[in-house]
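Chemist: Below are the C-alpha cells for one structure; questions will follow.
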Amino acid sequence: MIKLNKLLLEIKKEEITSLMKKHFNDCSKKYFKNEAGKYNYPKFIVKPSLKHIGAYSPQPNRFILNLDFAQENETLKSTMYHETIHYYQTKGGKQFSKMMFKIHGYHDDYFKQKMNQINAGEGKLVDIVGTFKSIKSGEAAKPFWVYVLKRGKEYSMTWSPTKNEKYIQRWKRILDYHKYDEGFVFQTGTIIFKENPRASNGGRSVKMGSIEPGDKYYDEMNKEIRAARKEKI
C-alpha cells in the first residue's frame, strides 16, 4: 500500500509538472514574445508543505510549486504566471539583487507592468502576494500540525508540515515564561491555519500569528480549535 501510494503521488507530481510547463510556455509565448526561447529552459519541481506558495530560483534555474497550490488549476496557473515574470526578470543580463529582493520581493515596476499586462489579457490572475485563502476547497493537500498558545479569547499560532517534538518543547518554554493560559497542538487540513508563520527551530525569536474576537477568521478558527483533538503541552 505504501509503495502504491508513493507511485500514485509520483504520477500526480508528473501531471502537475506538465501543467507547470504548459503555463510557463503559454505565458512566455503570449507575454514575453521577444524573449521566449532565448534562455536555458528551467526545471519544474512540486513539493508538499513548501514555505512559499511558489518560487523561481535563478541559480539552479528552477520553479518550485507548493503542492497546496497545485490542487486547483486556477491557483496553479496564477502562481506559474507570477513566477514566470520573475524568470524573465533575471534573464537578459539583468542582475538579481539580493538587497532588492529583501526590500520588496522583486515586485518592482517591471513586475507590476508585466502583471498588469497579464491581468489585462487573462482577467485578475496575478497578484503581488498570494495567500492560502485563495484555495477554493479550503483544504491543504496534506494534513499538518498547528501549535497554539491561548490567553483569554486570543490565540497565538504557528504550524509545521509534520509533528515536531523539539518545537513542542520550545513552545512549552514560551508557555511557561510568558504565562499563557494554556498551550496545545492539533492536526488539521484547514488551509487558513497556514496563513500563520511556519514553525522554525532556529533563531531566538519565534514568529507566530495572533487572532482575537472580531478578526475575519476568528469564528471559523475558534470553532475548529474547540472541536479539535488537542494534545496539551
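Chemist: Which of (1) modelled with pLDDT of 90 or more; (2) assigned to a strand (DSSP E or B) does residue 170 not meet, given it meets every other one?
Modeler: Going through (1) modelled with pLDDT of 90 or more; (2) assigned to a strand (DSSP E or B) one by one, residue 170 breaks only (2).
Chemist: Next question. Just checking, how many residues over the range 193-233 are touching a Lys or Arg at 6+ places or on another chain (Cβ under 6 Å), surrounded by 14 or more Cβ atoms within 10 Å (Cβ to Cβ) and not charged (D, E, K, R)?
Modeler: 2
Chemist: Within the range 169-221, restricting attention to residues that are in contact with a helix residue (DSSP H, G or I) (Cβ under 9 Å, 6 or more places away or on another chain) and polar (S, T, N, Q), which residue is farthest from residue 146 (Cα to Cα)?
Modeler: Top of the filtered list is 201.
Chemist: Would you mind telling me which numbered condition in (1) within 14 Å of residue 163 (Cα to Cα); (2) touching a strand residue (DSSP E or B) at 6+ places or on another chain (Cβ under 9 Å); (3) at pLDDT below 90 residue 232 fails?
Modeler: Failing condition for residue 232: (3).
Chemist: Within the range 185-205, how many residues are of a type in the set (Lys, Arg) and not in a loop (DSSP other than H, G, I, E, B)?
Modeler: First pass over the range 185-205, keeping only residues of a type in the set (Lys, Arg): 194, 198, 204.
Then drop every residue that is not not in a loop (DSSP other than H, G, I, E, B), which leaves 194, 198.
Summing the residues that are of a type in the set (Lys, Arg) and not in a loop (DSSP other than H, G, I, E, B) in the range 185-205 gives 2.
Listed here are the residues, each with its yes/no results for (1) under 23 Å from residue 220 (Cα atoms); (2) small (Gly, Ala, Ser); (3) not assigned by TED's automatic domain parsing to the domain that holds residue 69.
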residue	(1), (2), (3)
143	yes, no, yes
149	yes, no, yes
156	yes, yes, yes
160	yes, yes, yes
164	no, no, yes
170	no, no, yes
175	no, no, yes
179	no, no, yes
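Chemist: Go through the range 206-233 residue by residue and tally those that are more than 21 Å from the chain's Cα centre (by Cα) and assigned to a loop (DSSP other than H, G, I, E, B).
Modeler: Adding up the residues that qualify gives 8.
Chemist: Starting from residues that are over 26 Å from the mean Cα position of the chain (by Cα) and within 21 Å of residue 116 (Cβ to Cβ), keep the ones in the range 33-53 and report whichever is surrounded by the most Cβ atoms within 10 Å (Cβ to Cβ).
Modeler: Among those that are over 26 Å from the mean Cα position of the chain (by Cα) and within 21 Å of residue 116 (Cβ to Cβ), it is 36.
Chemist: Just give me the residues in the range 50-87 being among the aromatic types (Phe, Trp, Tyr) and within 15 Å of residue 17 (Cα to Cα), in sequence order.
Modeler: In the first step, residues of the range 50-87 are kept if they are among the aromatic types (Phe, Trp, Tyr); the result is 56, 63, 69, 81, 87.
Matches in the range 50-87: 56, 63, 69, 81.
The values are calculated or read from the model by the stated rules, or taken from the named source; none is laboratory data. Not measured: the values here are computed from a predicted model. Neighbour counts run over all protein chains shown; Cβ positions are idealised from the backbone, glycine included.
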